[in-house]
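Input: a single structure, listed below in structure tokens.
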Amino acid sequence: MAAVVLLGAATARPAYGYTDPGSGLLLWQMVGAAAVGSLFYVKRLLRWLSPKKKTEKDEGQREE
Amino acid sequence: MKASGKSEAGEARGFRDPGGRLMERGGRLLRVVGAEGRECARLFLEDGCLEGLRKTGRLVETRRLTEAEAEEAGLGGETEVLEHRPVWFPSYPAEWAPEMLAEAGRLTLEVAEAALRAGAGLKDATPYNVMYEGWRAVFLDALSVEPRGGLDPLWRAEAQFRRTFLYPLAAAGRCGVGLKETFGVRREGPEPEELAEWAGPVRRWLPPFLGLCTLPAMLNRSERVAEEGFYEGRKCGSEEQARFILERRLRGLRKQLEALAGGVRGRSKWSGYQGEECHYAAEDLAAKDAFVREALGRLKPGARVLDVGANLGRYSLMAAEMGHSVVAIDADAVVMGRLYEEAKRRKLDVLPLVVDFANPPGGTGWGNRETKGFLERAEGQFDCVLMLAVMHHLELVNGVPAEEVMELVGRLTRGMVVVEWVGPEDAQYRKLLRGRKPLCADTGHRADLRSPSGRTVTKREAASDVLCISERRLECRSVQTD
């Protein structure tokens with residue numbers, strides 16, 4: 001999953017700007033972002049696996 | 001805010017951001033916005049994302065000049081000109097207590113979070129974008145908020161945030177390297193390798209240093225960083241995912257900041273001076289308090305006061321309670337940190353700065369003009385200078401004669417000086433003397449002190465201008481210009 005999220009996948013735009021992004025620090029940020037990005041899918045999966053909650057929420061919304 | 005030198009349009013104060021340049025002209029702070037910075041200026045001024053911060057006074061007051069106003073300011077023909085309300089006493093990270101750097105870091109993260117909520121980003125994260133008005137941190141850089149690529153999950157300024165906020169806090173709290181040392185030599189903060197070195201051979205492998213600097217330092221040597229395209233922007237699956245990642249990264253940085261800020265509170269040689277190590281009998285202290293209060297009461301409300309050697313700020317807080325604006329200086333970062341926390345808790349207009357009056361910081365940065373020296377900023381700025389129980393330190397520890405001290409003080413104040421002289425009979429004086437013969441033979445309090453600048457720090461002998469308590473003598477003097 002991390003591979004899906006891994007940020008080296010595609011180039012979006014050149015990094016303009018005068019701020020030094022670091023080298024090891026940028027790579028460390030990419031590792032952290034990949035880990036957090038995986039968590040995003042885990043959360044989505046958990047939400048998908050809990051239909052009961054979703055149904056209750058939907059019903060609540062319908063009543064409104 | 002940075003200075004680069006005189007130009008036709010005034011004194012240039014900022015040149016690093018290609019989006020615009022900042023200049024000082026006739027006491028006004030003007031920012032010329034280039035084509036690259038126009039969208040940033042719009043986001044800062046008009047987008048609702050920063051409204052919460054603006055309402056609470058944490059963004060510098062900024063307005064866009066009309067064409068006629070820009071013309072009048074000598075900047076006609078420029079695409080866009082902004083005017084900022086100047087901060088009356090600018091200060092810089094090398095002069096802050098670590099608690100103040102932490103507060104500036106919190107504000108920077110708040111701006112980054114607010115920008116993210118609006119789909120924008122913060123392009124730089126440096127403490128030079130923040131200044132203090134009393135205890136309140138104010139964000140200054142109107143061109144820092146920029147449009148963000150919606151799929152990009154990386155915050156380009158994170159490395160800068162780590163190097164200029166987290167690393168100096170870790171160095172101050174855990175390695176004994178103060179902000180003066182850190183920022184005095186490294187304007188952009190230390191590199192990961194340097195912090196790992198300061199942490200030592202064992203601690204560098206333990207939290208917080210392991211993730212903070214040791215692993216990033218090892219990754220600096222990775223072959224990946226040399227690959228083509230490494231520094232280019234990234235895309236992830238969706239905008240929602242990119243935002244999810246950025247929100248959590250910012251939250252993680254905030255947690256780290258709070259953990260490191262918690263480690264800077266300590267004790268120092270002077271942190272007990274006004275408490276358990278107080279040198280005054282209760283009645284002497286009450287008499288001194290009354291004398292200083294009476295002297296401060298002679299000033300108009302809103303007067304500007306400089307408290308030299310303020311320690312925990314007993315008299316700085318007193319002056320602020322009376323409605324004055326105070327700059328408090330002391331060489332000890334621990335006591336200045338505590339004074340900052342107290343002023344912030346009580347919302348009193350006190351700006352504590354870690355400045356050694358015997359060796360104040362000079363101009364720094366490019367051409368030594370990016371930040372002005374302390375004395376240049378302080379000259380003629382104050383209505384009153386408090387020099388309470390500090391003269392004997394300057395004389396005995398630093399070898400500066402009283403005449404020299406008064407000459408300098410006469411340049412800083414426009415009105416009044418309150419001096420507390422501690423003589424050779426005092427136990428504290430003898431402790432500092434260490435068996436030596438006094439350098440100045442206690443001449444300071446005997447006469448008027450004429451300075452080469454033509455100002456005289458005049459001694460007056462009205463009963464209310466002098467107070468003698470034990471071996472100490474307090475005087476309220478006025479400054480006159482020949």
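The values are calculated or read from the model by the stated rules, or taken from the named source; none is laboratory data. Just so we're clear, the structure is a prediction, and the values are computed from it rather than from any experiment. In this analysis, Cβ positions are derived from the backbone assuming ideal geometry, glycine residues included, and neighbour counts consider all displayed protein chains. All accessible areas refer to the heavy atoms of the entire protein, side chains included, with ligands and DNA or RNA removed. Shrake-Rupley method; radii C 1.70, N 1.55, O 1.52, S 1.80 Å.
For this structure, a couple of remarks:
- If you go through the stretch B:46-62 and pick out every residue that is at pLDDT 90 or above and open to solvent by less than 20 Å² (accessible area, probe 1.4 Å), you end up with 3.
- Options B:22, B:29, B:65, B:43: the member that is open to solvent by less than 20 Å² (accessible area, probe 1.4 Å), under 18 Å from residue B:121 (Cβ atoms) and modelled with pLDDT of 85 or more: B:43
Yes/no matrix, rows are residues, columns are (1) open to solvent by 50 Å² or more (accessible area, probe 1.4 Å); (2) among the polar types (S, T, N, Q); (3) facing chain A (nearest Cβ under 9 Å):
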residue	(1), (2), (3)
B:207	yes, no, no
B:222	no, yes, yes
B:229	no, no, yes
B:232	yes, no, yes
B:235	yes, no, yes
B:239	yes, no, no
B:243	yes, no, no
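- Selection count where residues are within 15 Å of residue B:331 (Cβ to Cβ), in contact with an Asp or Glu (Cβ under 8 Å, 6 or more places away or on another chain) and open to solvent by 40 Å² or more (accessible area, probe 1.4 Å), scope the stretch B:381-402: 0
- In the stretch B:459-467, the condition of being at pLDDT below 80 and buried (at least 16 other Cβ atoms within 10 Å of the Cβ) is met by at least one residue.
- Selection within the stretch A:28-46: residues that are of a type in the set (A, V, I, L, M, F, W, C), under 12 Å from the mean Cα position of the chain (by Cα) and open to solvent by 30 Å² or more (accessible area, probe 1.4 Å). The member of this set that is farthest from residue B:245 (Cα to Cα) is A:42.
- Flag for residue A:49 being modelled with pLDDT of 55 or more, of a type in the set (A, V, I, L, M, F, W, C) and surrounded by fewer than 19 Cβ atoms within 10 Å (Cβ to Cβ): yes
- Contact annotation: residue pairs with Cβ atoms under 6 Å, 6 or more positions apart or on different chains, pairing a residue in the stretch B:463-476 that is of a type in the set (Asp, Glu) with a partner that is open to solvent by 40 Å² or more (accessible area, probe 1.4 Å), are B:471/B:425.
- Looking across B:98, B:147, one residue alone is closer than 15 Å to residue B:169 by Cα and touching a helix residue (DSSP H, G or I) at 6+ places or on another chain (Cβ under 8 Å). It is B:98.
- Within the stretch B:245-274, the residues that satisfy the criterion of being more than 11 Å from every other protein chain (Cβ to nearest Cβ), surrounded by fewer than 17 Cβ atoms within 10 Å (Cβ to Cβ) and modelled with pLDDT of 85 or more are B:254, B:255, B:258, B:259, B:262.
- Looking only at residues in the stretch B:316-373 that are in contact (Cβ under 8 Å) with a residue 24 or more places away in the chain and among the basic types (Lys, Arg), the one that is most open to solvent (accessible area, probe 1.4 Å) is B:347.
- Within the stretch B:227-242, residues that are over 21 Å from residue A:20 (Cα atoms) reach partners that are open to solvent by 70 Å² or more (accessible area, probe 1.4 Å) and of a type in the set (Gly, Ala, Ser) with beta carbons closer than 9 Å, at six or more positions or on different chains, in the pairs B:236/A:9.
- Of the set (1) surrounded by fewer than 23 Cβ atoms within 10 Å (Cβ to Cβ); (2) of a type outside the set (Lys, Arg); (3) in a loop (DSSP other than H, G, I, E, B), all apply to residue B:83 but (3).
- Residue B:71 open to solvent by 10 Å² or more (accessible area, probe 1.4 Å), assigned to a helix (DSSP H, G or I) and at pLDDT below 95: yes
- When the stretch B:122-150 is filtered for residues that are in contact (Cβ under 8 Å) with a residue 60 or more places away in the chain, of a type in the set (Val, Ile, Thr) and closer than 15 Å to residue B:165 by Cβ, only B:126 remains.
- Condition check for residue B:153: within 12 Å of chain A (Cβ to nearest Cβ) and in contact with a helix residue (DSSP H, G or I) (Cβ under 6 Å, 6 or more places away or on another chain): yes
- Neighbours by Cβ (under 6 Å, 6+ apart or cross-chain): first from the stretch B:29-54, farther than 15 Å from residue B:118 by Cα; second of a type outside the set (Lys, Arg) and open to solvent by 20 Å² or more (accessible area, probe 1.4 Å): B:29/B:86; B:30/B:83; B:32/B:78; B:36/B:18
- Among residues of the stretch B:127-140, those that are open to solvent by less than 10 Å² (accessible area, probe 1.4 Å) and within 14 Å of another protein chain (Cβ to nearest Cβ), counted: 2
- In the stretch B:158-199, the qualifying residues are those that are part of a loop (DSSP other than H, G, I, E, B) and away from every other protein chain (no Cβ under 14 Å), and the one that is surrounded by the fewest Cβ atoms within 10 Å (Cβ to Cβ) is B:176.
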